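The values are calculated or read from the model by the stated rules, or taken from the named source; none is laboratory data. None of these values were measured; they are calculated from a predicted model. All Cβ positions, glycine included, derive from the backbone under ideal geometry; neighbour counts span all protein chains shown. When the accessible area is computed, the model is the full protein with side chains, heavy atoms only, and any ligands, DNA or RNA have been set aside. Shrake-Rupley method; radii C 1.70, N 1.55, O 1.52, S 1.80 Å.
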Amino acid sequence: MERNFLLPLLASLFLTACIEVKDDSDDNTTIEPAITPTVTLTGSIIDLSTNQAPASALVSYKIGSQWSDSVEANSGEYSLEGLAGNSDITILIESTSDEFMPRTISTRTYYTDEGINYQNLQPINVSPAITYSFSVLDVETKTAITDLKFTARSVNNTAYYFQDDYESSYNQTTNTYSVTIPEYFSTPIFYANLDTDGDGDYNYQLYDNYYNNLDRLTISETNLKNADTLYLKKYIPEIAVALEPQELKLRITILDQNLNRVEGASLSLLDKLNNVNAIYNNELGQYTMDVNILNKLRINLPSFEFEDKLYMSNFAELTIDSEDTLKVYNSSSAHYTNDREYKVDINESGIDIVMYTQELNPNADTNLSLLAYSQQVDPDDYSYKLFFSVPVELIDGEIEILQLDKLNVVKGNDSADDLTLSGSTLIEKQDIKIETTTELSLNNTMLTIRPKDPITSNEQFRLSIGEIKEKASDIKLNINQSLNFYSQEKFAETDLFDINSMVLDNNNYRVNDQYIVTNNTANVTTPDSYTSQNTYLYLPKEVNLLKEFTMKKSIIIKDGVQTATNQLYTLVRNGSLQLSKVNTISLALNENIIGYTNSINFGTTLTDGEYWRYGYIEYNMNDNTDSDVNTISFEYSYETLKGEIHTGTITLPVK
C-alpha cells in the first residue's frame with residue numbers, strides 16, 4: 001500500500017522537475033562566446049658554432065607595426081600563441097648575453113577559420129659575431145678616406161624569408177673601417193656608394209678593379225679576411241660642354257661626269273636646324289648656303305634639267321671630323337675614285353666642297369635608281385623618306401601602312417549580317433590598313449610617306465613599298481621594302497597620372513555583388529553563380545608618365561576581417577613599366593567566347609579598352625559591399641618624369 005502511494009508521488013515530482021527545466025531553458029538561455037580562430041607558431045633555434053641550442057634566447061614578433069613582449073626560448077624551443085591567421089609576421093631572435101647576433105626572419109601564418117591552428121617553422125640558425133677591419137686610402141696622398149659607409153644584405157627566401165642588414169663603423173684612432181657579421185654564415189659582400197654626400201655626383205672614383213661597378217666600391221670576403229688596404233682617388237668630373245650648333249658658310253661646286261661646272265641645280269637642306277636653299281653665285285660659279293651643324297647634315301641635290309640636259313640626283317653628307325676639319329661624303333662621284341669621301345678644313349670665311357652629278361642618257365631604258373632612304377621612321381610623326389636619282393611618280397596601291405595585330409571584336413548581337421551567332425563573341429587579331437599620306441618634293445626626287453592621322457598610342461605597324469615609276473619614261477623600279485616599327489604613347493603637356501584612377505578588380509563579372517552584364521548576346525539571363533577571384537591592380541596609360549613607382553600593401557580587409565601585412569611592389573623602375581598590358585571586354589559570364597583570348601579580361605568593372613595591370617595583388621577576394629568589406633590599403637611613392645615626387649596612402653575597394 002505504501003508502494004502504491006509512492007509511485008504517483010514520484011511521477012508528480014518528475015513532471016514538476018521537467019516543467020522547471022523547460023521554464024529555465026526558455027527564460028535563461030546561456031550563449032557561449034565565439035572562439036576567435038588563432039595560430040600557434042612553434043620552432044627551434046640552433047647556434048651554428050656548436051650545432052646546439054643556445055644557452056639563452058629571447059623571441060619577439062611583429063604583426064603590423066607593434067612588437068610583442070619577448071618570450072624566453074627554453075632549450076632553444078619557443079612557442080608564439082594567439083597569432084592572427086593568414087598574416088605576415090616578423091620574428092626577432094636575440095641573445096641575453098651577446099652569445100650570438102640578433103636574427104630576424106619573416107613568414108606568413110597559416111589561414112585558419114576555426115579553433116587553434118598549429119604551425120611549426122624550420123629551425124632558425126644563429127651565429128656568434130666576428131669583426132673584420134680594413135683601411136681605405138687615397139691612392140695619391142695615402143691619407144685615410146673616412147666618409148664611406150659600407151653596407152651588406154644577406155637574403156634567403158627558401159623555407160622562410162630572412163633579411164640581415166649590416167653596416168660598417170669607422171675608428172678615428174686606427175683609421176680603419178670595421179664590419180661585424182655572423183661568423184658561421186656565408187660572408188656577405190659589402191658595398192660603399194662613391195657618392196658619399198648624396199648630391200648625385202661621385203666624391204671618389206675607383207683606382208683598381210675589386211670586382212666593382214663604377215658607382216661603388218666592393219669589399220669581398222678575401223679583402224675582409226686579409227685585412228686588405230683598398231685605394232680610391234678623388235673624383236674629377238668631366239666638364240660637360242653643351243653642344244651648340246656650329247655655323248658653316250658653304251661654297252659648293254657642282255661638277256658633271258666630265259668635271260665641268262654645272263648650273264641650274266636646286267640645292268636644299270631641310271632638317272631640325274635648317275630650312276635653306278642654296279643661291280648660285282655667277283661670279284664664283286658656286287652655290288652658297290649658310291648652315292648650322294651639330295654633328296652631321298645632308299645636302300640634297302635633286303635631279304634637274306639645264307640647257308635641255310637632264311642631270312641625276314645626288315647628295316652629300318657633312319660630318320664634323322674634329323675641331324678643325326669636316327668630312328665630306330658624296331653618294332656618287334665623277335669616276336667612283338677616292339673623291340667620294342674627303343676632308344676639308346673648317347674656315348670661318350667659307351668652306352669649299354664639291355658635289356657630283358652626271359648627265360642622264362636619254363636613250364637608256366631608265367635612269368631611275370634609289371640613292372638613299374631613311375634607316376627608320378621619324379619618331380615625331382612616323383614619316384619615312386626615299387631619295388631617287390630622277391623624278392618619279394607613284395603607282396596606286398604600291399604603298400601602304402598596316403597596323404598589326406589590331407584587336408577586332410564581333411559580338412553576336414552586333415549585326416544580322418555577320419557570321420557570329422547570338423550568344424557568342426568572336427575575337428580576332430587582324431592587320432588593318434591605315435590611311436597614308438605621300439608627298440613628292442625636290443623636283444619629285446624625294447618621297448615622304450607618313451600616316452595621315454596622328455598616332456598617340458603604343459602600337460605596331462608595317463610600312464611596305466612596292467614599285468615606283470620614272471616620271472619621264474613610266475619605267476618601273478621595284479623598291480620592295482618592308483619596315484616594321486612601333487609607335488609610342490604620346491601625351492599632352494597637361495596630362496598627369498592620378499593615383500585615384502587605379503582600380504582593384506577581381507574580374508568576377510560583378511560589381512557590388514551584382515552582375516555587370518545580366519544577359520548574354522542571345523539575351524539569355526546569366527545564371528546565378530559566384531566565385532571569389534584573385535585581385536589585380538589596373539592602371540591607366542598615364543602610368544607611362546612616371547619614372548619610379550612603388551607601393552607597399554599594409555592592410556587587407558577580407559570579408560570584414562582585417563590583416564596587417566607589409567608586401568612591397570615595384571610598378572615602375574627607372575621609367576620601365578613592370579606591368580602587363582591587357583585589354584578589357586565586358587561580356588556576360590555565360591557568353592561563348594571564340595578566338596583570341598590572351599591578355600584579355602572579360603569580367604572587370606572597367607570600360608572596354610587597354611590598361612596596364614599588376615598582380616595578382618591578393619588571393620581570392622569578394623566584391624566590396626556595404627555589408628561585406630573587402631579593401632586593401634597601400635602606402636605609395638612615385639616620381640614623375642618631370643621629377644615631381646608624390647607620397648601617401650590609399651585604400652582601394654575590391655570591385
Checked segment 196-224 for anything of a type in the set (D, E, K, R), farther than 18 Å from LEU137 by Cβ and at pLDDT below 80; matches are ASP199, ASP201, ASP215
Cβ pairs under 7 Å, 6+ apart or interchain, first in segment 353-365 and without any contact (Cβ under 8 Å) to a residue 60 or more places away in the chain, second in a loop (DSSP other than H, G, I, E, B), ordered by first then second residue, are LEU360/MET312; LEU360/ASN367; LEU360/VAL390; ASN361/ASN367
Taking segment 126-168 and keeping only residues that are open to solvent by 60 Å² or more (accessible area, probe 1.4 Å) and at pLDDT 85 or above, one is left with THR131, GLU140, THR141, LYS142, THR143, THR146, ASP147, LYS149, GLU167
Only one of (1) modelled with pLDDT of 50 or more; (2) more than 30 Å from LYS553 (Cβ to Cβ); (3) outside any strand (DSSP E or B) does not apply to LEU13, and that is (1)
Within segment 329-345, of all residues that are farther than 16 Å from ILE254 by Cβ and open to solvent by 100 Å² or more (accessible area, probe 1.4 Å), the one modelled with the highest pLDDT is ASP345
Flagged in segment 304-327 as under 17 Å from GLU348 (Cα atoms) and in contact with an Asp or Glu (Cβ under 9 Å, 6 or more places away or on another chain), in numbering order, are ASP324, THR325, LEU326, LYS327
Per the filter on segment 459-493, residues among the β-branched types (Val, Ile, Thr) and at pLDDT 90 or above are ILE465, ILE468, ILE479
By residue number, the members of segment 371-387 that are at pLDDT below 90, outside any loop (DSSP other than H, G, I, E, B) and open to solvent by less than 50 Å² (accessible area, probe 1.4 Å) are LEU371, ALA372
From the option list LEU440, LEU402, single residue qualifying as assigned to a strand (DSSP E or B), under 32 Å from the mean Cα position of the chain (by Cα) and hydrophobic (A, V, I, L, M, F, W, C) is LEU402
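Condition check ((1) among the polar types (S, T, N, Q); (2) part of a loop (DSSP other than H, G, I, E, B); (3) touching a residue at least 60 places away in the same chain (Cβ under 8 Å); (4) more than 21 Å from THR631 (Cβ to Cβ)) across all residues:
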site	(1), (2), (3), (4)
LYS553	no, no, yes, no
ILE557	no, no, yes, no
THR565	yes, no, yes, no
TYR569	no, no, no, no
VAL572	no, no, yes, yes
LEU589	no, yes, yes, yes
THR607	yes, yes, no, yes
GLU610	no, no, yes, yes
Only unsatisfied item for GLY423, checking (1) over 30 Å from ASN523 (Cβ atoms); (2) buried (at least 16 other Cβ atoms within 10 Å of the Cβ), is (1)
Condition set open to solvent by 70 Å² or more (accessible area, probe 1.4 Å) and in a strand (DSSP E or B), scope segment 272-292, selection nearest to PRO245 (Cα to Cα): answer is ASP290
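For segment 71-92, which residues satisfy the criterion of being surrounded by 15 or more Cβ atoms within 10 Å (Cβ to Cβ) and more than 20 Å from THR36 (Cα to Cα)?
If the condition is that a residue be surrounded by 15 or more Cβ atoms within 10 Å (Cβ to Cβ) and more than 20 Å from THR36 (Cα to Cα), then VAL71, ALA73, GLY76, TYR78, THR90, ILE91, LEU92 are the ones that fit.
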Note: among ASN508, ASN458, just one is buried (at least 16 other Cβ atoms within 10 Å of the Cβ) and touching a Ser or Thr at 6+ places or on another chain (Cβ under 8 Å), namely ASN508
Going by what's in this entry, would ASP396 be described as touching a residue at least 60 places away in the same chain (Cβ under 8 Å), closer than 30 Å to SER313 by Cβ and part of a loop (DSSP other than H, G, I, E, B)? no
